[in-house]
Amino acid sequence: MRRIMVAGNWKMHGTAEMARSLAGDVLAALPEFPDVDVAVFPPAPYLALLQSLAEGSRLEWGAQTLNPNAEGAYTGEVSGVMLRDLGCRYVLVGHSERRSLFGESDTDVAERFDAASTAGLEPVLCVGETREEREAGRTEEVVERQVDAVLERCGIGRFEQAVLAYEPVWAIGTGLTATPEEAQAVHAFLRSKMARLDGTIGGQIRILYGGSVKASNAADLFAQEDIDGGLVGGASLKAHDFIGICRGASRDG
Ligand code: 13P
């Protein structure tokens, strides 16, 4: 049985004070949803703060991106090894904002996935189609291409320690959510693709849904067979909302 995971991507929001308060509230609420794995992805400058607050608890944390090189003259960049030093378990790769705003190609994303998993991090590989691609009936083709780029470079075995996140671009930050059925169809497509390559990995890999997840829609989304939790943006910035989503994810509650 796959455990539900709720991950908060804070993007470039907040201050140290906000990070401290949000993490503190989430830590205090964890006993309410013992069956849910919870992770937060703060901006890089607050990772050390997360480490100091959450180390030894079951709250996990990760970074929003990494440089694919292990070290070197790359001013301003952060490597996977450094993220491991900060106690990160996860790192997002291929978030649509990285792809569209920072020009990361499928090949760039595959390099980052490779670097992350080589450094001992679990990459959270984000895939998803734009509105135009969905309307043209190209959703499966697009997410398959995005996953294939990583498979070609890294192979299926590396997905044993990885997470997939389906985030339709048209649903990110727009208030529009894929219906549970629309999301489930893409998740099932992704899982069956992985399962054809490796039955065990296909069965165990967690596939998160992202795009306007809120406390009011989380339970319906996470009730779908192949939706194993959420990657939450806007609603992860308010403790009340994020904790509400975690409660909605709990089958014990
Ligand atoms: P929203 O939840 O704000 O739509 O953001 C989703 C997202 O991009 C998470 O990575």
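No lab work stands behind these numbers, since they all come straight from the coordinates. These numbers were taken from a predicted model, which means no experiment stands behind them. Positions of Cβ are backbone-derived with ideal geometry, glycine not excepted, and every protein chain shown enters the neighbour counts.
Below, the figures for the structure above:
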{"read-out": "Unit charges on C-beta of K, R, D, E only; dipole of segment 103-147, Debye", "value": "100 debye"}
{"read-out": "Calculated over segment 1-143: convex hull of Cα atoms, volume per residue (Å³)", "value": "144 Å³"}
{"read-out": "Where only alpha carbons of segment 130-183 are counted, the Rg and the Dmax (Å)", "value": "13.1, 36"}
{"read-out": "Whichever aspartates and glutamates have a C-alpha closer than 15 Å to that of Lys193, once near sequence neighbours (fewer than 8 apart) are set aside", "value": "Glu140, Glu141, Glu144, Asp148, Glu152, Glu160, Asp226"}
{"read-out": "Top positive-direction residue, dipole computed over the chain with Cβ charges, set Leu190, Leu59, Phe159", "value": "Leu59"}
{"read-out": "Local net charge near Ala63, Cβ-Cβ under 13 Å (Lys/Arg +1, Asp/Glu -1)", "value": "+1"}
{"read-out": "Size of electric dipole in segment 1-134: Cβ of Lys, Arg +1 and of Asp, Glu -1, about Cα centre, debye, nearest 20", "value": "220 debye"}
{"read-out": "Amide hydrogen neighbours beyond the local backbone of Gly8, cut-off 5 Å, H modeled", "value": "Ala39, Val40, Phe41, Val232"}
{"read-out": "Three principal axis lengths of the chain [C-alpha, angstrom, descending]", "value": "47, 44, 34"}
{"read-out": "Spread of Cα-to-Cα distances over 5 Å intervals beginning at zero, given as percent, for segment 26-91", "value": "3, 17, 28, 20, 14, 9, 4, 3, 1, 0"}
{"read-out": "Ordering of 45-51, 107-113 by packing [mean C-beta count within 10 Å, highest first]", "value": "107-113, 45-51"}
{"read-out": "Protection proxy ranking, peptides 12-23, 215-226, average beta carbon neighbours within 10 Å, highest first", "value": "215-226, 12-23"}
{"read-out": "Estimated dipole of the chain in Debye, rounded to 20 [Cβ of Lys and Arg +1, of Asp and Glu -1, Cα centre]", "value": "380 debye"}
